[in-house]
Amino acid sequence: MQPLQLFLQQLINGVQTGSVYALIAVGYTMVYGVLKFINFAHGDVYMVGAYVGLFAVATLTPHVSPAAQATIALLLCMVGCALLGAFIERLAYRPLRNGLGAGDAGPWAFFGALYAALFFGQWLEAHSPLTIWSASAVVLAVTFIVLMPVLRKLFIALGRRLEPSRGRLSALITAIGISLLLENQGQVLFGATPRAYQVSGIGGSVRWAAFGIEVSISSGQLLVLGAAVLLTIALVYVIRRTRVGRAIRAVSYDPEAAALMGIPTDRIIAFTFVIGSALAGAGGFLNHGLTRIPFDANVGINLGLKAFVAAVLGGIGSIEGAVLGGLLMGVAEGFTAGSSLSAFRDAIAFVILIAVLLFRPSGLLGKSVAE
């Protein structure tokens, strides 16, 4: 392969990989812009999106057209991960930020009921004529009804004695705990064996030849890049042109002043988690459901760290910076993989992180602010 041909081929591969990093990095940078902490559970939301896509393609839509299958799977991944992001914010981060109260009993009772359904649903199925789904639903409902009043009284009593913890370290430790919970729960539910899947009908590649140089890009790569561009444009429009976007920017700039102006800060923060998680879920499906890249329950660790580096590179808190950083990360990784240093493909992210922290800690498009 000619040097210029190899350069162009690795550039195409890097841009496709970078577009996925950009989708994940946007979630990091949005949460940091509003709450000023890094949500390290975000990479595991990407992992959940990959598995939701597998379930949608293999179980829900096996006999529909490829376009309908991809569209339905993408929407299910985005909706499922958006709900997961909202649930994580309501379960873990809001009580930490505002303190425990009676309103926190609902999400925690539901969380406990989910675990009860997971462990006791199979037992009830084995000792009754119910199916696994109906048995799990019965256990879920009964456990939720029992836990609600107990947790309500407990949280009211604890809320009088515990102060809210708004420090960044507490939020960071909570995020790491949520990440470990999702990873280990993913291994319990889905196993440790890597999976691979692809939307039916997506195959082949497109080739361009000019001046004696030929490069190719697969149909899956084209779809990933196109979908990532459309989702990014939609996000920028929401943030820059809509009322909710203005509220997000206001809360990011000064949450106390935004609350005094009547902006429901808790809802806006939850909506930020919803948007970021939806994009991470979309990235999980696009990167695995269209290109057949294998994944397992720990896939979010590596990609999440790389996306975090991309967000730092572009300027944490800047959406445009997250997109730029993701593309640069993907291109750097692509060129490293196509060279004699291919063994250091994953290490290049941390080399970039060290260089950014040494020479431009605020990132390419970030701004230095006084603490």
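Key figures for this structure:
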{"read-out": "Per-residue HN-Hα couplings for region 34-49 [Karplus 6.51, -1.76, 1.60; θ = phi - 60°; Hz; x = Gly/Pro]", "value": "8, 9, 6, 8, 8, 8, 6, 7, 5, x, 7, 5, 4, 4, 4, x"}
{"read-out": "Label assignment, Rg/Rh (Cα atoms, Kirkwood Rh) derived from the structure, set [x] 1.04; [y] 0.97; [z] 1.00", "value": "[z]"}
{"read-out": "Share of carbon and sulfur in the accessible heavy-atom surface of the chain [1.4 Å probe, %]", "value": "69"}
{"read-out": "Bins of 5 Å from zero: percent of alpha-carbon pairs in region 11-148", "value": "2, 9, 12, 13, 17, 17, 13, 9, 5, 3, 1, 0"}
{"read-out": "Scaled radius of gyration (Cα, divided by 2.2 N^0.38 Å) that region 265-371 gives", "value": "1.18"}
{"read-out": "Karplus 3J(HN,Hα) series, Hz, for region 158-164 with 6.51 cos²θ - 1.76 cosθ + 1.60 (x for Gly, Pro)", "value": "5, x, 6, 10, 9, 8, x"}
{"read-out": "Region 98-157: proportion of alpha-carbon pairs further apart than 12 angstrom, %", "value": "63"}
{"read-out": "Point-charge dipole on Cβ atoms (K/R +1, D/E -1) for the chain, about Cα centre, debye to 20", "value": "780"}
{"read-out": "Selection from GLY317, GLN122, GLY334, by position along the positive dipole direction of the chain (Cβ)", "value": "GLY317"}
{"read-out": "The chain: relative contact order in percent, alpha carbon pairs under 8 Å with at least 6 residues between", "value": "36"}
{"read-out": "From phi via Karplus (6.51, -1.76, 1.60), per-residue ³J(HN,Hα) for region 51-59 in Hz, x at Gly/Pro", "value": "6, 4, x, 4, 5, 5, 6, 7, 10"}
{"read-out": "Rounded to 10°, Cα long-axis angle of helix 243-253 versus longest principal axis of the chain", "value": "90"}
{"read-out": "For TRP123, solvent-accessible area (1.4 Å; no DNA, RNA or ligand), Å²", "value": "150"}
{"read-out": "Residue-normalised accessible area of the chain, given per residue in Å² at a 1.4 Å probe", "value": "50"}
{"read-out": "Distance in nm between pseudo-label sites at ARG241 and ARG292 (7 Å out along the Cβ direction from Cα)", "value": "3.8"}
{"read-out": "Region 86-102-region 269-320 distance, computed between alpha-carbon centres (Å)", "value": "23"}
{"read-out": "Nearest-0.05 FRET efficiency for ARG168 and TYR115, computed from C-beta distance (R0 25 Å)", "value": "0.30"}
{"read-out": "When region 142-239 is reduced to its Cα atoms, the Kirkwood hydrodynamic radius in Å", "value": "20.1"}
{"read-out": "√(5λ) per eigenvalue of the Cα gyration tensor, region 286-336, largest first, Å", "value": "21, 13, 10"}
{"read-out": "Value of relative contact order over region 207-301, rounded to a whole percent, pairs C-alpha under 8 Å and six or more apart", "value": "25"}
{"read-out": "Residue among PRO107, ILE293, ASN13 farthest towards the positive dipole end of the chain, charges placed on Cβ", "value": "PRO107"}
{"read-out": "Spin-label model distance (nm) - SER339 vs VAL146, 7 Å beyond Cα toward Cβ", "value": "6.1"}
{"read-out": "Charge-dipole axis of region 194-297 as Lys and Arg at +1 and Asp and Glu at -1 on Cβ define it, positive-most pick from ALA270, ILE233, PRO255", "value": "ILE233"}
{"read-out": "Alpha carbon centroid spacing (whole Å) that separates region 133-160 from region 64-79", "value": "34"}
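The values are calculated or read from the model by the stated rules, or taken from the named source; none is laboratory data. It should be emphasised that the depicted structure is a prediction, and the values quoted were computed from it without experimental measurement. Using ideal geometry, Cβ is built from the backbone for each residue, glycine included, and neighbour counts are taken over all protein chains shown. The area values use the complete protein model at the heavy-atom level, side chains included, leaving out ligands, DNA and RNA. Shrake-Rupley method; radii C 1.70, N 1.55, O 1.52, S 1.80 Å.
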